[in-house]
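Trainee: Before I ask anything, here is the structure I am working with.
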Amino acid sequence: MPERNRAAGSGGGLERFRQIPVEIRAAIIGGIIAVIGGLITAVVTLAADGPGPLAVPPSPTVTVTVTASEAGDTEDTGGPSPTPTTERPVPSPSPTPSPSPTPTPSPPAVPSPPAADEAEPAGPAPGTLRRASAGPMSLYSGDCVDLDSTEPAWGAPRGDFCVDGIYLMNEEMSTFDREPEFADCQAATASTNQVSPFEVMGQWVCARSSEGRFARVFVVDYEQTAWKLTFELTVWE
């Protein structure tokens, strides 16, 4: 009885081995042959080299490759078919564009100051003596002098300080019984635009030129029969 069971068991194992696909069986048999061949090679090497430490041969790597056989060459084992693996290429990251540098605006041009020779020359300070008569001078009725003039005759017979009959005439006049200076004429309030020479005989009159200068007139004499005025004149800037 025991012998029959062993025979049945051996027959069942062989039957199961036959049910394995041909490619797998071939790979297993090839692996067994490779192991045996490795052992034989190791024994021969040891015998040739003599006694020494027994080197353990490296375990042979058995590679089992299962490929799809043509129709009719492979037995149908009813097992699941191997699923092929498909590798998808990983896209390379796109390069990040570098930001363009922002242009720096140029500062506005600063105009250069005018050269020293281009600057307008400063005029004389107010109150500076502009001109004065060298001595007494005369005007007749109907004549004038220009208080701003630099001509020898002061622009006569036309101007802004005149004699008309028995009047001295100017746009802005003020009278003084003492000799006024520039500050006195500047501070005085113009009281009239005409005055009788008889009222200011031996006195002073402040007048104003057409360009805004102050002038001092000292009335020396007035000859009514000749309609002649004698006076001294000083003009300030």
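Trainee: At a Förster radius of 30 Å, what calculated FRET efficiency corresponds to the Cβ-Cβ distance of Arg16 and Thr41, to the nearest 0.05? The partial results should precede the final answer.
Mentor: Values: r = 32 Å, r/R0 = 1.06.
Given R0 = 30 Å and the Cβ-Cβ separation, E is 0.40.
Trainee: Same structure again: Under a plain spin-label model, where a point goes 7 Å from the Cα along Cα-to-Cβ, how far apart in nm are Leu129 and Gln194?
Mentor: Spacing of the two 7 Å Cα→Cβ label points: 3.4 nm.
Trainee: Also: Subtract the Cα-Cα distance of Ile24 and Glu237 from 0.36 nm times their separation in residues, and report this length gain in nm to one decimal.
Mentor: My answer for the length gained is 63.7 nm.
Trainee: Moving to a separate point now. Given R₀ = 25 Å, what would the calculated FRET efficiency be for Glu179 paired with Ala226, taking r from the Cβ atoms and rounding to 0.05? Mind showing how you got there, number by number?
Mentor: Numbers: r = 27 Å, r/R0 = 1.07.
With a Förster radius of 25 Å, E is 0.40.
Trainee: Two decimals is fine: what's Rg over Rh for segment 115-237, C-alpha atoms, Kirkwood radius as Rh?
Mentor: Taking Rg over the Kirkwood Rh, I get 1.02.
Trainee: Ok, one more. Determine the gain in length on full extension of the stretch Glu211-Arg158; use 0.36 nm per residue of separation and subtract their C-alpha separation, reporting nm with one decimal.
Mentor: Numbers: separation 53, 0.36 × 53 = 19.08 nm, distance 1.49 nm.
That pair, Glu211 and Arg158, stretches by 17.6 nm at full extension.
Trainee: Sequence-distant or interchain residues sharing an amide H contact under 5 Å with Glu172, placed H: which?
Mentor: Arg208
Trainee: Any idea of Met201's accessible area? Nearest 10 Å², probe 1.4 Å.
Mentor: Roll a 1.4 Å probe over it and Met201 shows about 70 Å².
The values are calculated or read from the model by the stated rules, or taken from the named source; none is laboratory data. It should be emphasised that the depicted structure is a prediction, and the values quoted were computed from it without experimental measurement. Using ideal geometry, Cβ is built from the backbone for each residue, glycine included, and neighbour counts are taken over all protein chains shown. Remember, those area values only see protein heavy atoms, side chains included, never the ligands or the DNA or RNA. Shrake-Rupley method; radii C 1.70, N 1.55, O 1.52, S 1.80 Å.
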